[in-house]
Amino acid sequence: MATLQLWRIVAITPSWTICLSAPSLALQMLLTFLITLIGIFLASVLRGFTGFGFGLAAVPLLALVLPPAQVVPLVVVLNLVIGASGLRTAIHQTDWRAIRGLVPGVLVGIPLGLLILTDFRANTVRLAIGLIIAASVAMLWRGARLPPRPSAILTLAVGTVSGVLTGLASMGGPPMVVYLIAVGNGAAAVRATSIVYFMFSGAISALAMGYRGLIGQEVLLWTAAGIPAAYGGNRIGTWAFHKAKPHHHRMTALIVLSVLAAVLIARSLLAH
């Protein structure tokens, strides 16, 4: 039984740890566990404060110690779990017109993103996403605004772009957040709408991943281990949101998106 448990633990740690001696392997597994929980906690704080950003922060942090094939399903499942806790409050502040306009585009965009993914190199995708986010954020920094009630075609287009980016790299949040800010939603509405939106898009992604067998035993074990850290970080972020002033939320969202764009562009260019 002990041997079985050891191999189960080794199975959810990076493959390069298997060549280590027993004491080194135990230490590496402990570090993997701690780094994973810290990554989940920090990403949850950001998500609790802004309503988005869990995947943006968690994916690169968890990819340091976990196989990529486990990271994205783990992030999707955890986002659904912690999102459910704030859904009851969020639905009363959500911009439902935006949700109704965005979700059909997401349904179309995710399959398109998965198809495009097979035709482009990863660095090309990163560069394209980074440039799209950078251009959008630059417009917001300069004070660009959309009409309070944009056309249904524009909203559908934003949803489609968000869906494509979700299919390409699980980074569909930035276009939606930029759209919500540009139409003049307040901090509470942007946060609440983001929570509801990610519940919809996360459910779609989880169903697709489950169908393809990507949510296996290892992902569920990590989910169970990460739930306390996720809930704790989310509560702290939520507390900070209610204590902060509205312009702090906008500033934090724009800074997070700017950093993400810079990292994606830099990583794609340095890899060439």
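Here, each number is a calculation from the coordinates, and none is a lab measurement. Since the model is a prediction, treat every value here as computed from it, not as a measurement. Cβ coordinates were reconstructed from backbone atoms using ideal geometry, including for glycine residues, and neighbour counts include every protein chain displayed.
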Cα axis of helix 2-11 to longest principal axis of the chain: angle in degrees, 0 to 90, nearest 10? 40
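Counting Lys and Arg as +1 and Asp and Glu as -1, each charge on the Cβ, what is the dipole of region 29-270 about the Cα centre in debye, to the nearest 20?
620
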For Arg267, Arg47, Arg145, ascending order of other Cβ atoms within 10 Å (fewest first) is Arg145, Arg267, Arg47
What does the helix-only formula give at 222 nm for the chain: each DSSP H stretch with n ≥ 4 adding -39500 (n - 2.57), the total divided by the residues, and the result rounded to the nearest 500 deg cm²/dmol? -27500 deg cm²/dmol
Rounded to whole Hz, the Karplus (6.51, -1.76, 1.60) HN-Hα couplings of region 94-111, x for glycine and proline: 6, 7, 5, 4, 5, 4, 4, x, 7, 4, x, x, 4, 4, 7, x, 4, x
If I model a spin label at Ile38 and Val259 as a point 7 Å from the Cα along the Cα→Cβ vector, what separation in nanometres do I get? 1.5
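Taking the Cβ of Phe54 as the center, what net charge do the other residues with Cβ under 13 Å away carry, scoring Lys and Arg +1 and Asp and Glu -1?
Neighbourhood net charge equals +2.
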Using the alpha-carbon atoms, what tilt in degrees (0 to 90, nearest 10) does helix 217-243 show relative to the longest principal axis of the chain? 40
Please say if region 81-147 is rounded, prolate or oblate, where rounded means a/c under 1.5 for a ≥ b ≥ c the square roots of the C-alpha gyration tensor eigenvalues, and otherwise the choice is prolate for a/b larger than b/c and oblate otherwise? oblate
Footprinting exposure proxy for Thr155, Thr32 (fewest neighbouring C-beta atoms within 10 Å first): Thr32, Thr155
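Below 15 angstrom from the Cβ of Ile91, what's the summed charge of the other residues (Lys, Arg +1; Asp, Glu -1)?
Details: positive: Arg88, Arg97, Arg100, Arg191; negative: Asp95.
Result for the neighbourhood of Ile91: +3.
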Averaging sequence separations of C-alpha pairs under 8 Å and six or more residues apart, then dividing by the length of the chain, give the relative contact order as a whole percent. 34
Compute the helix-to-body angle for 187-211: its Cα long axis versus the longest principal axis of the chain, expressed 0 to 90° and rounded to tens. 50
How big is D, in µm² s⁻¹, for region 29-270 by Stokes-Einstein at 10 °C and 1.306 mPa s if Rh is the Kirkwood radius over C-alpha pairs? 89
